Amino acid sequence: MAEPVQQGEFGFTMRSSGTDVTLVSYDELYPREPGRALLEKQCMYCHGKNFFPARQLPEVTWSTFIDVMEGKGSERGAMIPPGTLSAADRATITAYLTKHFGPAATKRGLKVDADFPLDEAALGKAMYVEYYVPLDASLDATNKQRRTQEPHFDPDGNVWYTDRSVPNRIGHVDPRTGAIKDFVLPDPKADPHGLTVDSRGRVFWAETVGFHLGRLDPKTGAMTRYPMDSTGQSKGRGHTPVVDSRDNVWFTVIQGDMLGKWDAKTEKATVWKVPTQGAAPYGVTLDKDENVWFAEFRRCKIGKFDPRTEKFTEYEAPTQPCTIRRLGVDSKGMVWYGGFNNGKLGKIDPRTGKIVEYDIPMPFAEPYDVWPDRDDKIWISDGGQGGTLIRFDPQAETFTYFPTPQRTDQPKLAITRDGAVWYTPRSSSKAAAGVLYPDVGKMTTPAAYY
Ligand code: HEC
């Protein structure tokens, strides 16, 4: 596979250049037969539109993989929720896959002829800057590209990122000088995903391999790794950390379906199983009352955990099934999320439980992160058509497009108090920390502060 299947993420944008993949229209790729709707409903909400056409497998192999998806012999448990795929539908899907993506088929991908709706007046004020992370001699021979994952600001205005190329690192760019400093992790193959910074400037990262939370003290360079479950009783793959007002670190556990808390006083971590099996907890954030909100990636729900009562509440997205990667909470307490597979922007009002979904106007939209700025405009990172940031105005219900300099997805956003939108172009040809100034005339400093 072209990407790490252990993340359960299939969100990389298919590239046309330099590969033997022919790009064709959606209808050509997926002929309109009964198998198509079933494949969309049962498989593609997780796998995306380019996964199946990249494979040419005989019937027996497709069938074996569907067994695995139903949980047979799989360490991760069932991907397809039990009781939701009938024997007849399963047979139709297998036949459809074998007919269109069998050994005689050619490698194909989805052609997206994106003509972004561009607002010249808005774009005229905007500026993108990308700080390229240099390639260097320490890179693993099998992994010649660096891969930045998640931006985060420290109290000094630097922008930190995780780097998932091997050797794994965390690092930061100082936007005032462009200087980049990297720290190779104690376990260079731990595959760090999310990252956060506490009030003292200490940087925490969550490892997807090995079930540890790491901490760097940038002043001394000292790094410590903590088990994500201090009792040692559970196993899993960590995902995204977030710091609360007491410098405790909350984190999601994507494989193992848990939410965890590392206590700043005891330096011990506790985990809680989330209510839904197969949820794959992903993005995480806190509201003003420090409830912990997280995306249930594979089960199309948003979860809330109240640390005082240790109770979970789940909100089911109206359009099922779906995948939701990340979420954000605005200043009024509204919870925003993106339907990664279905191009929806969702809003939950936790006081009433009411959920509204908006259609992102372009076809094949893949909203990844959804994050409010200081004015409660919602920013969406969308890699579906080659890479764009989108500003949604909740009052006017309008979407403004800011296509990215490189073809890429952008898995996480961090927005400064001045409204500068930082992102990491993950599948781009040049790894970077990037920033969009939507109104460069209002920029007061290149430094990044929350
Ligand atoms: C809820 C999400 C989800 C659904 C639904 C789902 N998959 Fe998967 N699939 C995954 C994940 C995650 C993996 C990687 C799994 C692993 O390594 O255990 C995977 C792996 C696979 C693989 C193996 C990939 C490789 O090359 O190693 C195939 C093939 C596959 N799925 C086909 C299907 C088919 C066909 C369906 C529908 C009948 C389906 N999947 C439904 C999430 C899903």
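In table form, for the structure just shown:
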{"read-out": "Segment 213-266 and segment 413-434: distance between their alpha carbon centers, rounded to Å", "value": "24 Å"}
{"read-out": "Candidate lysines - alpha carbon under 18 Å from residue 261, same-chain residues fewer than 8 apart omitted", "value": "235, 273, 288, 304, 311"}
{"read-out": "Distance in nm between pseudo-label sites at residue 105 and residue 177 (7 Å out along the Cβ direction from Cα)", "value": "5.3 nm"}
{"read-out": "Segment residue 121-residue 332, extension gain: residue separation times 0.36 nm, minus the distance between their alpha carbons", "value": "73.1 nm"}
{"read-out": "Segment 274-372: chymotrypsin sites (Phe, Trp or Tyr not before Pro) in DSSP loop, at most 13 other beta carbons within 10 Å", "value": "none"}
{"read-out": "DSSP-assigned coil residues among trypsin sites (Lys or Arg not before Pro) in segment 137-177, each with at most 14 further Cβ atoms within 10 Å", "value": "144, 176"}
{"read-out": "Lysines with Cα under 27 Å of residue 442, excluding same-chain neighbours fewer than 8 positions away", "value": "125, 332, 377, 412"}
{"read-out": "At R0 = 45 Å, FRET efficiency that the Cβ-Cβ distance of residue 287 and residue 95 yields, to 0.05", "value": "0.40"}
{"read-out": "Residue 88-residue 445 FRET efficiency (beta carbon distance; Förster radius 51 Å; 0.05 resolution)", "value": "0.25"}
{"read-out": "Net length gained if the chain between residue 267 and residue 393 were fully extended (0.36 nm per residue, minus Cα distance)", "value": "41.2 nm"}
{"read-out": "Sorted by Cβ density within 10 Å, fewest first, the residues 443, 228, 44", "value": "443, 44, 228"}
{"read-out": "Size of the chain as Cα extents on the principal axes (Å, biggest first)", "value": "58, 55, 54"}
{"read-out": "Size of electric dipole in segment 5-110: Cβ of Lys, Arg +1 and of Asp, Glu -1, about Cα centre, debye, nearest 20", "value": "140 debye"}
{"read-out": "Prolate/oblate/rounded label for segment 275-413 (Cα gyration tensor, a/c 1.5)", "value": "prolate"}
{"read-out": "Calculated FRET efficiency for the pair residue 64/residue 313, C-beta based, R₀ 51 Å, to 0.05", "value": "0.85"}
{"read-out": "Within straight-line cross-link reach of residue 144, aspartates and glutamates at Cα separation under 18 Å, skipping those fewer than 8 residues along the same chain", "value": "3, 136, 163, 182, 191"}
{"read-out": "Helix-only CD estimate at 222 nm, as mean residue ellipticity for the chain, using -39500 (n - 2.57) per DSSP H run (n ≥ 4)", "value": "-2500 deg cm²/dmol"}
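Quick note: the coordinates plus some simple rules give every number you see, no bench work behind them. It should be emphasised that the depicted structure is a prediction, and the values quoted were computed from it without experimental measurement. Methodologically, a virtual Cβ is constructed for each residue, glycine included, from the backbone with ideal geometry; neighbour enumeration extends over all protein chains shown.
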